[in-house]
Amino acid sequence: MTDANKNVVLERHEFILKGAQDEREYRGLELTNGIRVLLVSDPTTDKSAAALDVNVGHLMDPWELPGLAHFCEHMLFLGTAKYPSENEYFKFLTAHAGRANANTATDHTNYFFEVKPDQLPGALDRFVQFFLSPQFTESATEREVCAVDSEHSNNLNNDAWRFLQVHRSCAKPGHDYGKFGTGNKKTLLEDARKQGIEPRDALLQFHKKWYSSNIMTCCIIGKESLDVLESYLGTFEFAAIDNKKLERQIWKEFPFGPEQLGKRIDVVPIKDTRQISISFPFPDLTGEFLSQPEHYISHLIGHEGHGSLLSELKRLGWVVSLQSGYVVQAAGFGNFQVGIELSTEGLEHVDEIIQLMFNYIGMMQSSGPKQWVHEELAELRAVTFRFKDKEQPMAMASCVAARLQRIPFKHVLSSPHLLTNYEPVRIKELLSMLIPSNMKIQVVSQKFKGQEGNTNEPVYGTEIKVTRISSETMQKYEEALKTSHHALHLPEKNQYIATKFDQKPRELVKSDHPRLINDDEWSRVWFKQDDEYKMPKQETKLALTTPIVSQSPRMTLLSRLWLRCLSDSLAEESYSAKVAGLNYELESSFFGVQMRVSGYAEKQALFSKHLTKRLFNFKIDQTRFDVLFDSLKRDLTNHAFSQPYVLSQHYTELLVVDKEWSKQQLLAVCESVKLEDVQRFGKEMLQAFHLELLVYGNSTEKETIQLSKDLIDILKSAAPSSRPLFRNEHILRREIQLNNGDEYIYRHLQTTHDVGCVQVTYQIGVQNTYDNAVIGLIKNLITEPAFDTLRTKESLGYIVWTRTHFNCGTVALQILVQGPKSVDHVLERIEAFLESVRKEIVEMPQEEFENRVSGLIAQLEEKPKTLSCRFKKFWDEIECRQYNFTRIEEDVELLKTIKKEDVIALFDKKIRKGAAERRKLAVIVHGKSEDRAAVNEIIKKHLEDGKKKKEVLYLDQLRQFLPLYGQPIAAINLKPIGIDPCLGQ
């Protein structure tokens, strides 16, 4: 390190606790201006990253300018004195396989990025300027207010945001927690100017006041040695950030006192949601990371096993699910919350549910803390830390930077995991706070709409009613706290805690991807032994292909309901395994049913076989069936209230995929479904089936072969009359192929959100290496300009993204914009943007083009950080039955030969307006305030024209006359699954 750099470092911290498998090197530094920095040297990383956390959030907003901290976060990205171009930072990162973001919390703001390792210096140089010399130009200020306003518009009818603001609005008058943190155009521009406040001046003052180096923390991750990383701090002037010698703000007063507690708030949601949130003010426990007494409490209250609170509430038919947990809301105060999703009947038993909760809490209080529970949790956490997966660099940098605000360097990596101290007295103290008088209840249901005494929360307009809980009801809660309940007891000791962590014997056959080790009429088995992560972990996934599942909306509904009932039935018996790191997922796919088991390898095969047996021998309880069926129907109904971009993706699928059932179709067949139908479905599903299995991780080929045989035997025994699939019973789904020159528009009129959405799909064709790679490059070239043009400069919407879309064997380019502007105007601006970005590509210097290609190659070659992520890449190839495990290598080799002329040629052939083979589909979701008559006039005009923009009036219209794309030929020449009865094989 240089002498100059020695002058910027006040103190070094070399000892950082890390996991036994962690080979990275760490160094903690305190700079002369007070910034605390953790350096991470990782020679194997394929992405470098950095994050800087400032100990200022929206609780520090001036009362007269709600959202100022959030607005400041937005503005910092838009040019600095050294790099004045508004999109310089994002342009640099995008050109070098990078990305960036930021978020504003209650008491801190976090900025983070990742980039190709060799470009870390350039990224740091641009990054640090945010905190040295931001521009806050007048023009950018005016425009970015619109971006903040658009973000708020997206959240206006989002229940999660609405519920949070209701909670805040019930805080003590004048407490900072009650502020409106996001801000919007009204608060930041219109109201500000009415008060004589100029937004840009306020931004400058806010940044000058709060952006002080001594309340900043930073994490930098790179390939370089620790000494080189340390030298960057001097080179890029981190120590030059101004130290205003601020104290980290701590709120000594809780936002909820006696006047705010003991109340019930009835809340009317947007979606058909029923839930209770029971909140208890808790102290700030950040400093108690070595004992984590709150984890002991939340583990027991949120337990799902036999004798748990959830178990009894489910038996009564009152709830769907329950969670409990603690969160630090800001430095100085926190909140312990029990959240319960209610059944229809449960809404009529809110008081009894809360009494049962206090029965359980009272049992915990009277029995006192149990050391064995703490030791079990400590053992589980220690194993997790020992074999912790490697994090994505940007996520790690962001989390570590935030943690450094309150956690010493030594413990900054281990603090979420290691429980070295047992503090029974502290546990008792916290349990004593879980009492009725220290509680606030929030009950959510559309049933409360229009009831007498309702008011509206001022920011989001949420309909609420606040009442004080009666003394009689409070007395019932107090009595429940002192009364034992026969069904409630502490969990038993966990039998699933892994104890064997040795690597299995190494296979003689080595392979970079899964090998097919068995292929017959019943099953296809893939295996790969992990030789990359060297963890005692494993992933097992089986796909049961059975044509009955998707043959009609009714069968699709039955399969989803059957899986929901099954998962609910398994929850209690499998919860201990889940706590011990042995997880499972069940999901319905278009082809059948899939089960994934992940975690420590020791007991995974036994667990997989146990789950497979339970697939077909569980009995559905009528009470739980009614609760779960109602929950499923509400999920289907609530989809209509989703964000417009969610709806646009759903309708795109319905328009172009040859066999896809809508939420409305599934709802329509609900009335005909009974418990007996669902119970019978499991066996009917096995009339004909095929099993595809992948085992990847700490296993052997012999174990995998045996597991596959055992699973097939279990399935056959469940349905003795079953048979292998006939080959023509399983046909891969395909997409509708638009004709050359087609330009279709489908419109959906929603009544929930003020914002609208435009999603444009440009079909390219059947997947092949050339088109996949070139379209991927085009997407890479247009992503940053799309954000800069459509979001920043034209303020068309807060959500703007581009992506390559791979589906049913086809590839397409998609552009999406969601915002408050007229959707037809947005559609036109997307077209204009494509023409302008084509010009940019044509005029792009060759060196920059080559950098963009190398940046995309770096993205493609980025290694999955965990065994689970690698497994997903393998499974994606198996699930689509293309089996192209070398897809990335093929794309990379082709990209190395791509010229700019190739990109322009494909752009002009498939995407540009008037292109010979352009096939365009726009799905428009109109904002609720758009004039329906005007929309109808637009449709009428397009229908009369009939040549250019063709309006699609109903979802099945296109599939009536258009052909289907074919499927790409699989990379491995395998016979189709199942048998051909004509050939006897």
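With the Cα gyration tensor of the range 811-867 giving a ≥ b ≥ c as the square roots of its eigenvalues, does the rule (a/c under 1.5 for rounded; else a/b larger than b/c for prolate; else oblate) give rounded, prolate or oblate?
oblate
Taking R0 as 22 Å, what's the FRET efficiency between ASN740 and LYS896 from their Cβ-Cβ distance, rounded to 0.05?
For ASN740 and LYS896, the calculated efficiency is 0.10.
Quick one: 3J(HN,Hα) in Hz for the range 860-877, Karplus 6.51/-1.76/1.60 with θ = phi - 60°, rounded, Gly and Pro as x.
5, 7, 4, 7, x, 7, 10, 4, 5, 5, 5, 4, 4, 4, 5, 5, 4, 5
Just add up the charged neighbours of GLU25: K/R +1, D/E -1, any other residue whose Cβ is under 11 Å from the Cβ of GLU25.
Within the 11 Å Cβ shell, the charges total -3.
I'd like the FRET efficiency for GLU288 and MET474, computed as 1/(1 + (r/R0)^6) with the beta carbon distance as r and R0 of 25 Å, rounded to 0.05.
0.25
What number comes out for the charge environment of TYR744, summing +1 per Lys or Arg and -1 per Asp or Glu over other residues with Cβ under 10 Å away?
Net charge in that neighbourhood comes out at +1.
Mind giving me the nanometre distance, one decimal, between the label points for ILE250 and GLU64, set 7 Å out from Cα along Cα→Cβ?
Between ILE250 and GLU64, the simple spin-label model gives 3.2 nm.
Neighbour counts of other C-beta atoms within 10 Å: give me ASP61, ASP630, ASP201 arranged from fewest to most.
ASP201, ASP630, ASP61
Filter the trypsin sites (Lys or Arg not before Pro) in the range 216-321 to those in DSSP coil with at most 16 other Cβ atoms within 10 Å of their Cβ, and list the result.
Listed in order of number, the matching sites are LYS244, LYS245, ARG248, LYS252.
For GLU671 and ALA571 in the same chain, what is the full-extension length gain: residue separation times 0.36 nm, less their Cα-Cα distance, in nm?
This chain segment gains 33.3 nm when fully extended.
For the range 743-960, what is the largest minus smallest coordinate of the Cα atoms on each principal axis, given in angstrom and ordered from greatest to least?
The Cα atoms of the range 743-960 stretch 53, 41, 33 Å along the principal axes, largest first.
Distances over 17 Å make up what percent of all Cα-Cα pairs in the range 259-357?
In whole percent, the long-distance tail amounts to 56.
Grab the eigenvalues of the alpha-carbon gyration tensor for the range 328-476, scale each by 5, take roots, and send me the semi-axes largest first in whole angstrom.
Each semi-axis is the square root of five times an eigenvalue, giving 37, 24, 15 Å.
First select every other residue whose beta carbon is under 14 angstrom from the beta carbon of SER153; then total the charges, Lys and Arg +1, Asp and Glu -1.
Every neighbour counted, the sum reads +2.
Which whole number in µm²/s is D for the range 355-435 by Stokes-Einstein, with the Kirkwood Rh taken over Cα pairs at 25 °C and 0.890 mPa s?
Result for D is 162 µm²/s.
Using a 10 Å cut-off on Cβ atoms, rank the peptides 206-219, 456-469 from the highest mean neighbour count down.
206-219, 456-469
Whole Å is fine, so just give me how far the alpha carbon centre of the range 839-890 lies from that of the range 380-420.
Each part's Cα centre sits 29 Å from the other's.
Are there trypsin sites (Lys or Arg not before Pro) in the range 660-762 that DSSP marks as loop and that have at most 15 other Cβ atoms within 10 Å, and which are they?
LYS674
Among GLY302, TRP661, GLN737, flag the residue with its Cα farthest along the positive direction of the charge dipole of the chain, charges on Cβ as +1 for Lys/Arg and -1 for Asp/Glu.
Of GLY302, TRP661, GLN737, it is TRP661.
If you stretched the chain out fully between ASN101 and ALA905, how much longer would it get, using 0.36 nm times the residue separation minus the C-alpha to C-alpha distance?
Gain on extension, ASN101 to ALA905, equals 286.1 nm.
Which FRET efficiency value, to the nearest 0.05, do you get for THR44 and PHE618 by plugging their Cβ-Cβ distance into 1/(1 + (r/R0)^6) with R0 = 51 Å?
Efficiency for this residue pair is about 0.70.
Quick check on the exposure proxy: order GLU735, GLU253, GLU890 from fewest to most C-beta atoms within 10 angstrom.
GLU253, GLU890, GLU735
Looking at the square roots a ≥ b ≥ c of the eigenvalues of the Cα gyration tensor of the range 749-845, which shape do they give, rounded for a/c under 1.5, prolate if a/b is larger than b/c, or oblate?
Verdict is oblate for the range 749-845.
Can you match Rg and Dmax of the Cα atoms in Å to one of these, (i) 30.1, 105; (ii) 34.0, 106; (iii) 29.2, 86, based on a calculation from the structure here?
(iii)
For the range 600-648 and the range 534-556, what is the centre-to-centre distance using only Cα atoms, to the nearest Å?
Distance between centres, Cα-based: 13 Å.
Give, in nm to one decimal, the length gained when the segment between LYS913 and SER511 is fully stretched (0.36 nm per residue of separation minus the Cα-Cα distance).
Extra length from LYS913 to SER511 when fully extended: 140.1 nm.
With only Lys, Arg, Asp and Glu charged, each at its Cβ (+1 for the first two, -1 for the last two), find how big the charge dipole of the range 1-136 is about the Cα centre; round to the nearest 20 debye.
260
Taking 10 °C and 1.306 mPa s as the conditions, I'd like the Stokes-Einstein D for the range 472-565 in µm²/s, using the Kirkwood hydrodynamic radius from alpha carbon pairs.
79
List the equivalent ellipsoid semi-axes of the range 125-256 in whole Å, largest first, each obtained as the square root of 5λ for an eigenvalue λ of the Cα gyration tensor.
33, 21, 17
Under 16 Å from a point placed 7 Å out from the Cα of GLN371 along the Cα-to-Cβ direction: which residues of the range 426-450 have their backbone N that close?
Taking a point 7 Å out along Cα→Cβ of GLN371, the residues of the range 426-450 whose backbone N falls under 16 Å are 426-428.
Can you sort VAL444, VAL766 by how many other beta carbons sit within 10 Å, fewest first?
Final ranking by Cβ density, sparse to dense: VAL766, VAL444.
Using only helices, what value at 222 nm comes out for the chain when you add -39,500 (n - 2.57) per DSSP H run of length 4 or more and divide by the total residues, to the nearest 500 deg cm²/dmol?
When only DSSP H runs of four or more count, the value is -12000 deg cm²/dmol.
Take the alpha carbon atoms of the range 2-74, find their center, do the same for the range 463-522, and report the distance between the two centers in whole angstrom.
34
So what's the range 900-964 giving for Rg/Rh, alpha carbon basis, Kirkwood Rh from the mean inverse pair distance?
Result: Rg/Rh = 1.08.
Going 7 Å from the Cα of GLU944 in the Cα-to-Cβ direction, what parts of the range 920-935 have a backbone nitrogen less than 19 Å from that spot?
Taking a point 7 Å out along Cα→Cβ of GLU944, the residues of the range 920-935 whose backbone N falls under 19 Å are 932-935.
Readers should treat all values here as calculations from the given coordinates under stated rules, not as data from a laboratory. Quick caveat, the model's predicted, so the values are computed rather than measured. Cβ atoms come from the backbone with ideal geometry, glycine included; neighbour counts cover every protein chain shown.
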